Every structure is written in C-alpha cells, then in structure tokens.
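The values are calculated or read from the model by the stated rules, or taken from the named source; none is laboratory data. Everything numeric in this text was worked out from a predicted model, so none of it was measured. Methodologically, a virtual Cβ is constructed for each residue, glycine included, from the backbone with ideal geometry; neighbour enumeration extends over all protein chains shown.
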Amino acid sequence: MSDIISVNGTPQRLPDDPRTSLLDFLRQHIGLTGTKKGCDHGQCGACTVIVNGIRINSCLTLAAMHDGDEVTTIEGLGTPDRPSDLQKAFLEHDGFQCGYCTPGQICSATAMLQEIANDWPSDASEDLEGPPQLTGEEIRERMSGNLCRCGAYANIVAAIREVAEKSA
Amino acid sequence: MRPFAYGRPRTIEEATRVVADDGAMAIAGGTNLLDLMKLQVETPEKLADINRIGFGEIEDTQAGGLSLGALATNTATAVHPRVRADYPVLARAILSGATQQLRNKATNGGNLCQRTRCFYFTNVDQPCNKRDPGSGCGAIDGVAKLHAILGTSEQCIATYPGDMAVALSALDASVDIATANGEKRTVPVREFHCLPGDTPWRENVLEEGEIITAITLPPPVGGTQIYRKVRERSSYAFALVSVAAIVEMEDGLFTRADLAFGGLAHKPWHDPRVGEALIGQPPTSETIDRAADILLADARGFGENDFKIPLARRALHAVLEPAAEGAG
Ligand SMILES: Cc1cc2nc3c(=O)[nH]c(=O)nc-3n(C[C@H](O)[C@H](O)[C@H](O)COP(=O)(O)OP(=O)(O)OC[C@H]3O[C@@H](n4cnc5c(N)ncnc54)[C@H](O)[C@@H]3O)c2cc1C
Ligand code: SF4
Ligand code: FES
Ligand code: FES
C-alpha cells in the first residue's frame, strides 16, 4: 500500500497489516507514545487524537481508514519548551496525578474549545440553538469521554475553564 | 483481531457488490464493528470501507423534510441548524448518546445497525443464540439488568441499545436502502428493526448486500419535543429506559402524542395505541397512567430488569407532565 497519513505535519506511510488501529500505528509504528492505550474499546478516552480538526478515539479506528488525513497528537500540540495554553494550564492547576490520561484529556479539550467556538450544543446545553454557556456542567459533559483513574477531575475542569475563558 | 482483507469501494454499486458477492462487511465509523472484532464477536474475512462512496451530506428534501446521509456523522447531524431548529428531539437523542469523540466518528447508518450491548453476546465464552444460534441464551436465567421487557422471545431478550433511532421512530422517519441489484427501497424506521422471535441473529430488515444510503425525515412536525434518557449515571451510559415524545395540546387537551421508547425491546418501541389513549384527554396523572397501562400490558421482567416496568411508567409521567405545560 502506498497510502500516506500526515502526523503532526510529517507524512507517514500507512502500515501493511489492515488490522493496525490508528492508536497502535502512532505508538508502535512511528514511536509517538504520548497517545495512551487505556481500554482499547472506546470507553476511556486516553487514546484521543485530533483528525482533520475533530477529536476521535484512535483505538476504535483503523490506520488504513485514514489515507490522506491529518492527525495531531499531544506531541504536535506543544513541547516542554513551548507548551500550548492547555498544556500550561494543566501544569498550573495540577490537572493530573499519574499523568496517564493527560495526553487524551488535553487533545480532547483542545478540540472541545473549537467545538464551543463553533457553537455546537451538548447534552448539557439548555438551549440547542444559542451559543453554549461555559458552565462547569458544560465542560464536564463535553469531557465525559475522558476518564481519569486518579480523579483529578476538579483540577482538569479548572484548567480547561481558565483557557476557555481567556479565549472566549 | 482475526486477519481480514481491506478494501475501499468508490461507489455504492461497488459497495453493494462486494458486500453481496464477496461476503464483505461494511465498515463506516467502525466504533461498533471494530469493538466487536477485537472481542472476536464479529470475524469478517473482508471489510469494505464505505467512507468514500458518498452519502455524507445532509440535504433538504423536495417534500420539505431533511435527508441525513448514511455516512454523515452523528455529530454533523446533531449540530445541523435544521436538526436543531426543526427536529430537536433528534438532536437531543444523539447528544445524549456515547461521547463527543465517538459521535464524531459514528455515522447515521452505523448507528442504526449497532448491535446489542448484552454482555453474553459480547463474551464469546458465554452461550448466546444471537451470536451462536442454538447455543442457548445466557441472559434469560442470568444477569439481565439491561434486557428487554417487551417483545422478547424464548430465544433472546436483548435490547436495541441506541438513542438516535428512538427519536427517529417518534418522528416517523424512513430508511433509504440500496439493494445488491442496483435498486432502491425505503423502509419506515418503525419497521426497520426486528423482534428476536426465532431469528435473534437478525436485528433489522437489511438483506444480504444492502447498504443504507440515507435517513429521511418528514417535513417539520412542530410540537413540544422531548428526549428523556434514564441511565445509571448522568452522562456517557446506555439508556435503561428512554422516551422520545412529540406532543401538542389545545385547550388543555392532548391533540398529538407521538411516543417511542428505548431500552424496552429489541427495537425502538412504538405502540400507536399509547399515544391514541392520550388524544382528547387532559394531562392528568390518571390519563398518563392509562397510557402506561396500555404500553406495559404485556411487559414481562426477567428478575434483574423487573425495575424497568415501573421505571417506564415513571419516565412517561416525567416526560408528559412538563411537556403538557410546555405545549399548553
Ligand atoms: C463506549 C461506548 C458508548 C456508547 N454509548 C452509546 C449510547 O449511549 N447511545 C447510543 O445510541 N450509542 C452508543 N454507542 C454506540 C455508537 O453510537 C455506535 O457504535 C455507532 O453509532 C456506530 O456507528 P459506526 O458508524 O461507528 O458503525 P460501524 O461500527 O462502522 O458499523 C456498525 C454496524 O453497522 C453496519 N453498517 C455501517 N454503516 C452501514 C450502512 N450504511 N449500511 C448498512 N450497514 C452499515 C456495519 O456493517 C456494522 O455491522 C456507544 C459506543 C461505545 C463504544
Ligand atoms: S439476550 Fe439475546 S443477545 Fe443476550 S445472550 Fe440471550 S440470545 Fe444472546
Ligand atoms: S484506549 Fe481508546 S478509549 Fe480507551
Ligand atoms: S492523572 Fe492518573 S489517570 Fe488521570
């Protein structure tokens, strides 16, 4: 197969075995181990990456299905020297303990801020048509696909809220 | 996962042909199929990735309704301005399901065809007539908390787990299907899913090689539209019971009550007699109880899911009492 996927701006050849999930491709084939595997069944969100601007679970999709797509992983959002706003806010607010869920949380939150900017409603939105309000309830509902075994939720919400309010 | 061959048909004709002749399984978002392939509940030898055959659009129909492409995502559907304005019960049902990441990948066609969440079905070490015909039903005498109370059979008591289709049933939408010999047919959503009967492996009316191309919504129906999902936690869980309701009132009496229920059966449950019992009546507790009596006349629990019988009744009250106020 000569299919190409772009990962953090670098073109990569897609794997030959069609069974390879996008998650295993990122971690095992091209060595980007920032994206984590929690459940491998779409339940925990540790594997969240951004594909063509949209957040998805990389464990429940085949790499082969992403010919021509552009993937952004946690490594593509920032570096230790130049962290993204959300990466900085997670540090400042102690938005993690063990850190295992954190790459997924930050990828998810990054795309979530765009969804709010697009005025997309959530199950917590009282009004389906107006712009969403930035309540804690909205953030929790929109982030419900990212579980944290350490229970750092309160600080995760605080970190996201700070960045969301700044960009709003 | 078992090895499989992977292909990308480019047209609907090619897709129906590889599914019909080569025994390929269609993969759309993959969020249900890949999950089941990892568990070896599904073991296709070929996958036809149908994401490049078109049918990803959401378009107005000539009749004034809306056509939801089968390959459009659940997210694209729920955030579409016309879905939010004209079919809020559908937007709400979709947004109540799964998570943003999953809805971003899940497609409308795949959502309709998602398999049951019965944990005997998803565990290949357990007996299950749906997965392995004739092996027995683990759930009937086992852990049946999520299971059906209406339309069950001796063979299978599983539920259809989705939310979107419950709203589509209340809206009386229809499913557009491309057949293996190049023809088209349309089936009302209310007739798309099957009861288990003696063929529990058959979950919907799709024949070999058929692919869903779109879901068609009727012209806007108005009314007060509500989707109420009762679940074990307030987000990110499948419904124990759900109710989709489109209600109108005039002079304090119901003039319209289109109701469909999730979590109760092997299909979204629509019993026209339930709504009919409300028409011309005031929204009193007695009226709603009479409608619930009709809904639940043949209900049967299997121990762990007995609670669904009173829960369905309460959910109906919880939906109709405020709906009546909103529509008054
Ligand atoms: C953790 C988790 C939680 C979830 N919670 C909910 C929930 O609360 N509510 C809810 O409703 N759903 C829930 N879901 C299910 C989710 O909505 C479905 O997985 C999704 O809608 C399936 O769509 P897909 O496009 O990914 O389907 P796929 O996985 O690609 O396909 C599913 C099935 O449909 C067939 N198929 C796909 N497209 C077509 C077509 N066009 N024509 C014919 N056949 C087709 C496939 O062959 C396959 O058999 C949850 C899923 C997960 C993993
Ligand atoms: S309820 Fe249906 S799906 Fe579940 S074990 Fe019984 S036969 Fe299988
Ligand atoms: S590893 Fe993908 S959701 Fe858990
Ligand atoms: S910080 Fe440990 S799982 Fe979230």
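Some values worked out for this structure:
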| quantity | calculated |
| --- | --- |
| Within segment A:6-45, tally of residues that are free of Cβ contacts under 8 Å to residues at least 60 places away in the same chain and closer than 10 Å to A:CYS59 by Cβ | 9 |
| Of all residues making up segment B:266-278, the number that are more than 22 Å from B:GLN155 (Cβ to Cβ) and out of contact with any helix residue (DSSP H, G or I) (no Cβ under 8 Å at 6 or more places or on another chain) | 2 |
| Residue within segment A:48-67 that is more than 19 Å from B:GLN100 (Cβ to Cβ), within 16 Å of ligand 4 (Cβ to nearest atom) and small (Gly, Ala, Ser) present | no |
| Residue that is nearest to B:GLN101 (Cα to Cα), among those in segment A:131-147 that are of a type outside the set (S, T, N, Q) and at the interface with chain B (Cβ under 10 Å from one of its Cβ atoms) | A:GLY145 |
| Within segment B:126-143, tally of residues that are surrounded by fewer than 24 Cβ atoms within 10 Å (Cβ to Cβ), among the hydrophobic types (A, V, I, L, M, F, W, C) and either at pLDDT 95 or above or within 21 Å of the chain's Cα centre (by Cα) (or both) | 1 |
| Checking B:LEU150 against (1) surrounded by fewer than 22 Cβ atoms within 10 Å (Cβ to Cβ); (2) away from ligand 1 (no atom under 16 Å from the Cβ); (3) in contact (Cβ under 8 Å) with a residue 24 or more places away in the chain, the condition it does not meet | (1) |
| Strands (runs of 3 or more DSSP E) enclosed by segment B:153-250 - at least 2 residues per element that are away from every other protein chain (no Cβ under 14 Å) and surrounded by 17 or more Cβ atoms within 10 Å (Cβ to Cβ) | B:174-178, B:211-217, B:241-250 |
| Qualifying positions in segment B:28-68 - part of a strand (DSSP E or B) and surrounded by 18 or more Cβ atoms within 10 Å (Cβ to Cβ) | B:LEU47, B:ALA48, B:ASP49, B:ILE58, B:LEU66, B:SER67, B:LEU68 |
| Index of the failed condition, B:LEU102 passing every other in (1) assigned to a loop (DSSP other than H, G, I, E, B); (2) within 16 Å of ligand 3 (Cβ to nearest atom) | (1) |
| Residue in segment B:11-25 that is within 12 Å of another protein chain (Cβ to nearest Cβ) and modelled with pLDDT of 95 or more present | no |
| From B:LEU253, B:LEU240, residue being at pLDDT 95 or above, under 24 Å from the mean Cα position of the chain (by Cα) and among the aliphatic types (A, V, I, L, M) | B:LEU240 |
| Complete set of residues in segment B:62-90 that are at the interface with chain A (Cβ under 9 Å from one of its Cβ atoms), small (Gly, Ala, Ser) and closer than 24 Å to B:ILE177 by Cβ | B:ALA78 |
| Residue tally, condition out of contact with any helix residue (DSSP H, G or I) (no Cβ under 6 Å at 6 or more places or on another chain) and not in a loop (DSSP other than H, G, I, E, B), over segment B:251-265 | 5 |
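Matching residues to (1) within 14 Å of chain B (Cβ to nearest Cβ); (2) of a type outside the set (A, V, I, L, M); (3) more than 16 Å from ligand 2 (Cβ to nearest atom):
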residue	(1), (2), (3)
A:ILE74	no, no, yes
A:GLU92	no, yes, yes
A:GLY99	no, yes, yes
A:GLN105	yes, yes, yes
A:LEU113	yes, no, yes
A:GLU129	yes, yes, yes
A:ALA152	no, no, yes
